[in-house]
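Taking it in order: structure first as structure tokens, then the write-up.
Computed from the coordinates by the stated procedures, all read-outs in this text should not be read as laboratory data. Values in this document were obtained by computation on a predicted structure and should not be read as measured data. Neighbour counts run over all protein chains shown; Cβ positions are idealised from the backbone, glycine included.
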Amino acid sequence: MISAKMMRMTESGSAIRAMFEEGARMAAKYGRENVYDFSLGNPNIPAPGKVREAIIRLARDTDPMELHGYMSNAGYPEVRAKVAASLNRRFGTAFDENNIIMTVGAAGGLNVILKTLLDPGDEVLVFAPYFLEYGNYVSNFDGVLRAVPANIEGGFQPDAGALRDAITPKTKALILNNPNNPTGVIYTEDAIRAVAAVLEEKQAEYGRPIYLISDEPYRELAYDGKEVPWLTKYYRNTLAGYSWSKSLSLPGERIGYIVIPSECDDAGLIFDAAVIANRILGFVNAPSLQQRVVAECLDEKTDIEAYDKNRRALYKGLTEAGFSCVYPDGAFYMWVKTPGDDEEFSDRAKMHNILVVPGTSFACPGYVRIAYCVAYDMIIKSLPAFEKLAGEYGLSKK
């Protein structure tokens, strides 16, 4: 018999992965070109050419033992130094290799941070809607995830007042995902300052740190010149996690890092414990080849013009069909209000070969998430199906 904890996780599953598997079954039945699978945030833009060139050159010219062997559990010192220097150039920080730990993607990094910080029963807050796997990550270490209610009227920006009400003596951390999955909203500087002020207030009240965990895999996916605030500038007890899954279109390579600023309370102890957590969680270290690859590609960016083109076409098509959508400033998700129950809507969408993820999966019912990191042709081909779906709900074309 499997453990009770894994039994619960197995029973609850993942709505996103379930949709993804459903898409594969539907593609086999109807033909992939006739299925509009918007379920998974799987980048469809190729990685920059320099990434491929670096992989080939490193594999060809580097001694295999050096390229594929063990290193410090924190990662190669020279890679960490390059990551720190890149952050310093872009954000005016003062990091060095002793502030950086290379991780197995952002998810691995978050698990390392939570393993390092949490005692059983500690609470971790998130703003709804949020990435559903956060609950599993916190549960891994017997923590308790608490959702701050969605600020729908405020455009899904963080609600500092609601955060203040949600913090308790058991609160150990707040996870902030910016740009946000699933809404595509970029949290503004004013909103970040308000959140930081509440955290400072509560730290003073309880006489202990409350950590802000910044989850940033979509940082480079920002449109129309929008800026994504770098959170260590606003709150000193910030721990940042990053992945190149989206910025370099490398989701399957599982490569990222965490930042532990020196000004953070107990920074040295957190760093040492996080290095141990990286090892004992079974990661041991981030993939050696990919560490060296990304170190050579720190200034490379995925061309997000294709995502932007999809964003504009999908928003125009859906709103003209009568749907109400949040116009995303970042990431590659469209957050769409459903005319009725979101799970029933998602089931009805399948009848038109459309796969979307219900907002209930993100602790925000009444919406669905559409991942538009797909081929542009699929966006265009799907719009008549969305129009038919809108018609079934009596929505009026605009």
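Tabulated results
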| quantity | calculated |
| --- | --- |
| Entries of 115/233; 82/226; 301/397; 350/398; 246/350; 309/388 with Cα pairs more than 29 Å apart | 301/397 |
| Whole-angstrom Cα spans of the range 195-251 along principal axes, big to small | 42, 24, 12 |
| DSSP-loop trypsin sites (Lys or Arg not before Pro) across the range 80-174, with at most 14 other Cβ within 10 angstrom | 170 |
| Whole-Hz couplings from phi, Karplus 6.51/-1.76/1.60, listed for the range 324-329; x for Gly and Pro | 9, 10, 7, 6, x, 8 |
| Cα centre as origin, Lys/Arg/Asp/Glu Cβ charges: the chain dipole, Debye | 680 |
| Mean-position separation - Cα centroids, the range 191-238 and the range 347-398, in angstrom | 33 |
| Options 94, 41, 281, ranked by Cα towards positive dipole end of the chain, top entry (Cβ charges) | 41 |
| For the chain, alpha-carbon Rg relative to the globular expectation (2.2 N^0.38 Å, N residues) | 0.99 |
| Axial C-alpha extent at least 20 Å, average Kyte-Doolittle at least -0.5 - helices from the chain (DSSP) | 15-30, 77-91, 189-206, 376-392 |
| Rg(Cα) / (2.2 N^0.38 Å) computed for the range 69-295, rounded to two decimals | 0.95 |
| Fluctuation leader among 193, 219, 25 - the chain, Gaussian network, Cα springs under 10 angstrom | 25 |
| Shape of the range 158-206, Cα gyration tensor, a/c cut at 1.5 | prolate |
| Reachable aspartates and glutamates, given that their alpha-carbon falls under 19 Å from the alpha-carbon of residue 337 and they are not under 8 places away in the same chain | 37, 153, 320, 329, 347, 387, 392 |
| Dipole moment magnitude, nearest 20 debye, the range 69-295 about Cα centre, only Lys, Arg, Asp, Glu C-beta charged | 520 |
| Stokes-Einstein diffusion coefficient of the range 265-398, Kirkwood radius over Cα pairs, 4 °C, 1.567 mPa s, in µm²/s | 73 |
| Cα-only Debye scattering, the range 223-276: base-10 log of I(q)/I(0) at q = 0.14, 0.28 Å⁻¹ | -0.52, -1.05 |
